[in-house]
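Engineer: This is the structure I have questions about; it appears just below.
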Amino acid sequence: MNPLIQSFLATKSLSANSLKAYQYDLQGFLALTGGVVNAERLKLYEQSLVSLKPSARKRQLSTVNQFLYYLYRQGLTDAYFRLENAEKPVQIALEKERLDRSAFYAYDVLTPGQVIAVLILDLGLLPSEIIGLRWEQIDLDFQVLTLKNDALVRVVKLTPVLVDMLSQLEQSETYLFERAGQAYSRQWLNKSLAAFLKELGQPDLTPQKLRQDFILKAVEEGVSQADLARQLGLKTGLTLEKFYKHNGY
């Protein structure tokens, strides 16, 4: 149904950023529903939005409802389906609201700040880990990243978005981010990330808040406290207890 998305978007007058957001929302909708439009699949999609901020949930509902109306007008569905704003179930409510990630994943030209942000959001990496990343640690064929911290070695799986992003970067001599074979400074990383977040309209976000969103997502998905601690390279899971206690784990 991707050609249908393009046909639908051709009817809209949108800015470049809005167009990316529409595309991302609709691709996510089709991925979850498998391109099948019926009451059961739409209810499943509605429930997938409950963890988002109200503003993000409202935007995605609006985008998909416009698309559903377009399908109906084109005679591609037998009935006019409309999504409703599903209430967030109390049992999965978190103390902190999840970030709307759609804009983080939309790009035409990658910037270092965007790659840094997604490395934190998708893998929970620390800035100190990112700044020292070497290409030899990244295996795009097997889609994994190997990290070493003192005597601890951990292998984390790259997300499809990160595989695509890293595949588009020009591979330098040693480090993921470098100049003349030398890794950039932590100050450079902070400035690059801050510039991207400012362009995104979210200058209040920090590496800590992005990493927290990674943790919140893992908790929602049912990752155990011990497994999450290992994935983050923590010696114990004590610092994660507040996230699990709030959700009844």
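The values are calculated or read from the model by the stated rules, or taken from the named source; none is laboratory data. Bear in mind the structure is a predicted one, so any value in this text is a computation, not a measurement. Glycine gets a Cβ as well: all are built from the backbone with ideal geometry, and neighbour counts include every protein chain shown. Please note that ligands, DNA and RNA were not included when accessible areas were found on the heavy atoms of the full protein model with its side chains. Shrake-Rupley method; radii C 1.70, N 1.55, O 1.52, S 1.80 Å.
Engineer: In this structure, does Val155 turn out to be more than 21 Å from Gln208 (Cβ to Cβ), part of a strand (DSSP E or B) and either out of contact with any strand residue (DSSP E or B) (no Cβ under 7 Å at 6 or more places or on another chain) or among the hydrophobic types (A, V, I, L, M, F, W, C) (or both)?
Structural biologist: For Val155, the condition - more than 21 Å from Gln208 (Cβ to Cβ), part of a strand (DSSP E or B) and either out of contact with any strand residue (DSSP E or B) (no Cβ under 7 Å at 6 or more places or on another chain) or among the hydrophobic types (A, V, I, L, M, F, W, C) (or both) - is met.
Engineer: Still on this model: Starting from residues that are exposed (fewer than 13 other Cβ atoms within 10 Å of the Cβ) and free of Cβ contacts under 8 Å to residues at least 40 places away in the same chain, keep the ones in the stretch 152-169 and report whichever is farthest from Gly233 (Cα to Cα).
Structural biologist: The residue in question is Ser167.
Engineer: Sticking with this one: Criterion first (surrounded by fewer than 18 Cβ atoms within 10 Å (Cβ to Cβ) and among the small types (Gly, Ala, Ser)) does Ser172 satisfy it? Can you show your working first?
Structural biologist: On the way: surrounded by fewer than 18 Cβ atoms within 10 Å (Cβ to Cβ): yes; among the small types (Gly, Ala, Ser): yes.
The answer is yes for Ser172.
Engineer: Still on this model: Can you give me the number of residues within the stretch 1-15 that are assigned to a helix (DSSP H, G or I) and open to solvent by 70 Å² or more (accessible area, probe 1.4 Å)? It would help to see each step written out before you state the result.
Structural biologist: The initial filter retains those residues of the stretch 1-15 that are assigned to a helix (DSSP H, G or I), namely 2-9.
Those still in the list that are open to solvent by 70 Å² or more (accessible area, probe 1.4 Å) too: 2-3, 6.
The total comes to 3.
Engineer: Here are Ala56, Ala79: which of them is more than 17 Å from the chain's Cα centre (by Cα), among the hydrophobic types (A, V, I, L, M, F, W, C) and at pLDDT below 85?
Structural biologist: Answer to the check: Ala79.
Engineer: Which of the following residues is aromatic (Phe, Trp, Tyr) and in contact with a strand residue (DSSP E or B) (Cβ under 7 Å, 6 or more places away or on another chain): Tyr175, Tyr105?
Structural biologist: After ruling out the rest, the residue left standing is Tyr175.
Engineer: Right, another one. Select from the stretch 93-142 the residues that are open to solvent by 50 Å² or more (accessible area, probe 1.4 Å), in a helix (DSSP H, G or I) and within 18 Å of Gln168 (Cα to Cα) and list them in ascending order.
Structural biologist: Pro112, Glu136
Engineer: Working carefully through the options Ala218, Ala226, Ala180, find the one that is among the small types (Gly, Ala, Ser), surrounded by fewer than 13 Cβ atoms within 10 Å (Cβ to Cβ) and closer than 24 Å to Ile131 by Cα. So that I can check it myself, show each step before the final result.
Structural biologist: Values: Ala218 fails: surrounded by fewer than 13 Cβ atoms within 10 Å (Cβ to Cβ); Ala226 fails: closer than 24 Å to Ile131 by Cα.
The match here is Ala180.
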